[in-house]
Amino acid sequence: MLHRLVIFCALLLGSFAASSATDHYTYANYQQVTVTHLHLDLSMDFEKKTLSGFADLQLNWLDKNQTVVHLDTRDLVIDRAYAKAHDGSWQKVAFSLAERDPVLGSKLTIRPDFAAKTLRIYYSSTPEASGLQWLTPAQTAGKTTPFMFSQNQAIHARSWIPIQDTPAVRMAYSARIQSPENVLVLMSAPNNPAAARDGDYQFAMPKPIPAYLIAIAAGDLQFKAMSEQTGVYAEPYILNAAASEFTSTQAMIDATEKLYGEYRWGRYDLLILPPSFPFGGMENPVLSFITPTVVAGDASLVNLIAHELAHSWSGNLVTNATWRDLWLNEGFTSYVENRIMEQVFGTDRAVMEQALSVQGLKDELTELSPNDSILHIELQGRDPDDAFSGVPYTKGQLFLMFLEQQFGRDKFDPFVRQYFADHAFQSIDTETFINYLDKNLLQKHPGVVSLEQAKTWIYQPGLPAGTPQPQSDAFVNVQQHINNWLNGTTDLASLPAAGWTVHEWLYFINNLPLSLSTEQMVALDNRFTLTTSANSEIAHAWYLLALKTGYQPIMPQLQQYLINIGRRKLIIPLYKQLATTPEGLAFAKAVYSKARPGYHPLAQGSVDELLLK
Ligand code: BES
Ligand code: ZN
């Protein structure tokens, strides 16, 4: 009887393992043992640029015959390891650190001679940590206080925590962080806006989250409430501007809850990072990390907040099990982001944002290999950071818009809401999603969309027939004005540009022909002072056009832009374009030599690749 039970359980386990894709970006033996809770006890040293102390890992053994634990690390110094014995004492255990793989880092193997429930690892990060940036006071706006922050997604958690660095594993965490007294430390866990700045901070995130969502930041941070539930942490120079820029955050939460169910994380705060933050935003739970380049003065770029907030459902609640399934995170989030924008700012703006994204995707698709235009991407051993593109975002969003259009919102919205509820705090792969979609939407309403069609969207390259084509009346208008100006029917003075939104400006600049003469570029710049635009997206679009058309007067401003900003999406296309001519490349290298020390390791990596190799 017992024997049969064992075989039955083994079969059951086997079938679970088979239905969940393997993450090839972790050394962890997470099919045998999983970390259920992490406790960090770390001191922060700005001089040495290290976090050091210990990590306690609570383990759940799925395979009762194993005792060995493999973890992910990269550039960590491992000092010693202990396992907690049954009598509660700590026993020193043997460990080994394998040779460093350029993508995966070094496998840490810990060999207790029993199935330990708790491990303690004493370690230190190094200044090379790919997931941390350390800024000197001189590199901050206030010049008085150092700043540091983490960016774990996709596989950088291992550069400051020895951990199972796979989105397939979720853990609760707690932390005690000791820091210099002049910095406030925050984590992706409930933060107390009134915490005393005393250099000793405690955190506890009770919900299970994957390693890529563990986050830390420290600096001269102050808090300003935006509503009961929301607020902003920022350096003083930008605190008030950010709080007024993002006042719509509460309305966004309310709108999302109405559409997709309760916000499950308690508070929702924003942390404004230094301009070297390599992304627009990062959805660290409870505390989204945000680039200051979206503090534009007119809330024109707040779709970024809608995006990071949307991850509280798509990504943080329902998580991609592997990085091949990133589209489940980013595609759903881009879709939800746009639904939020529609609710809070109206259809016209939402459609303009769709149209700009789709135009961006179509441009990108002309350069991507067909394989990289597949939602369920084949990463082929590349660093997940290197396979990053608009495909998981905008093609994913278009797929969901397609389903929405075919089934109608009355059927599609409840489906998405239930999808979030049914997979809350789980990590799922693409196949699990397809099965769920088939059962709960396609088969429920037969004859609307076939399983084959859905699979074409997910497993085939490019954009399938029937791809939604967002049509913005405002953009049709702008296009008309472009045409009239180009064919001489009107002059620039009669463009109704004073009333244009940032989105109309972006459309305008992105749709000017590359055959523009220097005279025409001069005329545009004289009339609209685009070279000195304070809007980071408009400036980016204009600089790109200027480089492509050979309009030189931007160069001094472009240099400042590339030195001030480290957000990859804004700087990489400019460096790429510069690198297409010998003079441009020389300019790029000269600017980069000044900019590089201020960039994040991830941005340094990308630009090094572009210019120095
Ligand atoms: N989670 C991403 C950032 C990310 C993705 C980091 C993959 C590392 C690997 C974040 O939510 C994001 O998508 N940010 C975008 C926002 C935009 C699409 C509104 C960004 O940073 O530009
Ligand atoms: Zn995202």
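The values are calculated or read from the model by the stated rules, or taken from the named source; none is laboratory data. Bear in mind that the values here come from a model prediction, so they are computed numbers and not experimental data. A quick note on method: Cβ atoms are made from the backbone with ideal geometry, for glycine too, and the neighbour counts reach across all protein chains shown.
Consider the range 288-302. How many of its residues are more than 17 Å from residue 338 (Cα to Cα) and away from ligand 2 (no atom under 15 Å from the Cβ)?
Summing the residues that are more than 17 Å from residue 338 (Cα to Cα) and away from ligand 2 (no atom under 15 Å from the Cβ) in the range 288-302 gives 6.
Which of the residues belonging to the range 552-590 are in contact with a Leu (Cβ under 8 Å, 6 or more places away or on another chain) and not in a helix (DSSP H, G or I)?
579
Let me spell it out: the conditions are (1) crowded, with 22+ Cβ neighbours inside 10 Å; (2) more than 30 Å from residue 387 (Cα to Cα), and residue 196 meets all of them except one. Which number is the exception?
The single condition residue 196 does not satisfy is (1).
Taking the range 262-314, which residues are within 13 Å of ligand 1 (Cβ to nearest atom), within 20 Å of residue 192 (Cα to Cα) and charged (D, E, K, R)?
Once the filter is applied, which keeps residues that are within 13 Å of ligand 1 (Cβ to nearest atom), within 20 Å of residue 192 (Cα to Cα) and charged (D, E, K, R), the range 262-314 yields only 283.
Give me a count of the residues in the range 562-613 that are farther than 21 Å from residue 292 by Cα and of a type in the set (D, E, K, R).
Number satisfying all stated conditions: 6.
Tally time: how many residues in the range 309-348 are more than 19 Å from residue 419 (Cβ to Cβ), aromatic (Phe, Trp, Tyr) and not in a helix (DSSP H, G or I)?
Residues in the range 309-348 being more than 19 Å from residue 419 (Cβ to Cβ), aromatic (Phe, Trp, Tyr) and not in a helix (DSSP H, G or I): 0 in total.
Report yes if residue 129 is buried (at least 20 other Cβ atoms within 10 Å of the Cβ) and either at negative phi or charged (D, E, K, R) (or both), otherwise no.
yes
Tally the residues that are of a type in the set (Ser, Thr, Tyr) and either near ligand 1 (Cβ under 8 Å from one of its atoms) or in contact with a Gly (Cβ under 8 Å, 6 or more places away or on another chain) (or both), restricting the search to the range 315-340.
Qualifying residue count, the range 315-340: 3.
When the range 324-381 is examined, which residues are found to be touching a Pro at 6+ places or on another chain (Cβ under 8 Å) and either modelled with pLDDT under 95 or hydrophobic (A, V, I, L, M, F, W, C) (or both)?
Correct list: 326, 327, 351, 355, 358, 374, 375, 377.
Given the criteria assigned to a strand (DSSP E or B), away from ligand 2 (no atom under 16 Å from the Cβ) and surrounded by fewer than 24 Cβ atoms within 10 Å (Cβ to Cβ), does residue 269 qualify? Break it down into steps so the answer makes sense when it comes.
Details: assigned to a strand (DSSP E or B): yes; away from ligand 2 (no atom under 16 Å from the Cβ): yes; surrounded by fewer than 24 Cβ atoms within 10 Å (Cβ to Cβ): yes.
Considered against the rule, which asks whether it is assigned to a strand (DSSP E or B), away from ligand 2 (no atom under 16 Å from the Cβ) and surrounded by fewer than 24 Cβ atoms within 10 Å (Cβ to Cβ), residue 269 comes out as yes.
Residue 107: away from ligand 2 (no atom under 16 Å from the Cβ), surrounded by 15 or more Cβ atoms within 10 Å (Cβ to Cβ), part of a strand (DSSP E or B) and among the basic types (Lys, Arg), yes or no?
Numbers: away from ligand 2 (no atom under 16 Å from the Cβ): yes; surrounded by 15 or more Cβ atoms within 10 Å (Cβ to Cβ): yes; part of a strand (DSSP E or B): yes; among the basic types (Lys, Arg): yes.
Yes: the conditions hold for residue 107.
Does the range 200-208 contain any residue that is in contact with a helix residue (DSSP H, G or I) (Cβ under 7 Å, 6 or more places away or on another chain), over 21 Å from residue 121 (Cβ atoms) and either in contact (Cβ under 8 Å) with a residue 12 or more places away in the chain or buried (at least 23 other Cβ atoms within 10 Å of the Cβ) (or both)? Don't jump to the end; show me each part of the working.
Start the filter on the range 200-208 by keeping residues that are in contact with a helix residue (DSSP H, G or I) (Cβ under 7 Å, 6 or more places away or on another chain), which leaves none.
Looking through the range 200-208, none of the residues is in contact with a helix residue (DSSP H, G or I) (Cβ under 7 Å, 6 or more places away or on another chain), over 21 Å from residue 121 (Cβ atoms) and either in contact (Cβ under 8 Å) with a residue 12 or more places away in the chain or buried (at least 23 other Cβ atoms within 10 Å of the Cβ) (or both).
When residue 299 is evaluated against the numbered criteria (1) in contact with a Leu (Cβ under 6 Å, 6 or more places away or on another chain); (2) surrounded by fewer than 24 Cβ atoms within 10 Å (Cβ to Cβ), which criterion, by number, is the only one it fails?
(1)
Is the range 154-164 home to any residue that is of a type in the set (A, V, I, L, M), at pLDDT 95 or above and surrounded by fewer than 24 Cβ atoms within 10 Å (Cβ to Cβ)? It would help to see each step written out before you state the result.
Taking the range 154-164 first, the residues of a type in the set (A, V, I, L, M) are 154-155, 157, 161, 163.
Subset that is at pLDDT 95 or above: 154-155, 157, 161, 163.
If we keep only those that are surrounded by fewer than 24 Cβ atoms within 10 Å (Cβ to Cβ) too, we end up with 154.
Yes.
Keeping to the range 487-529, report how many residues are closer than 22 Å to residue 357 by Cβ and assigned to a loop (DSSP other than H, G, I, E, B).
So the count comes out to 6.
When the range 49-71 is examined, which residues are found to be surrounded by fewer than 17 Cβ atoms within 10 Å (Cβ to Cβ) and of a type in the set (A, V, I, L, M)?
Within the range 49-71, 62, 68 qualify.
Take the residues in the range 378-392 that are in contact with a helix residue (DSSP H, G or I) (Cβ under 6 Å, 6 or more places away or on another chain) and farther than 15 Å from residue 279 by Cβ; name whichever of them is farthest from ligand 1 (Cβ to nearest atom).
Filtering the range 378-392 for residues that are in contact with a helix residue (DSSP H, G or I) (Cβ under 6 Å, 6 or more places away or on another chain) and farther than 15 Å from residue 279 by Cβ, the one farthest from ligand 1 (Cβ to nearest atom) comes out as 378.
Please pick out the residue among 305, 214 that is within 16 Å of ligand 2 (Cβ to nearest atom) and modelled with pLDDT of 95 or more.
Checking each option against the conditions leaves just 305.
Name the residue, out of 180, 208, 236, 146, that is modelled with pLDDT of 95 or more and either under 22 Å from the mean Cα position of the chain (by Cα) or within 16 Å of ligand 2 (Cβ to nearest atom) (or both).
It is 208.
Taking the options 472, 427, name whichever one is surrounded by 20 or more Cβ atoms within 10 Å (Cβ to Cβ), outside the structural domain of residue 376 (by TED's automatic domain parsing) and polar (S, T, N, Q).
That would be 472, the only listed residue that is surrounded by 20 or more Cβ atoms within 10 Å (Cβ to Cβ), outside the structural domain of residue 376 (by TED's automatic domain parsing) and polar (S, T, N, Q).
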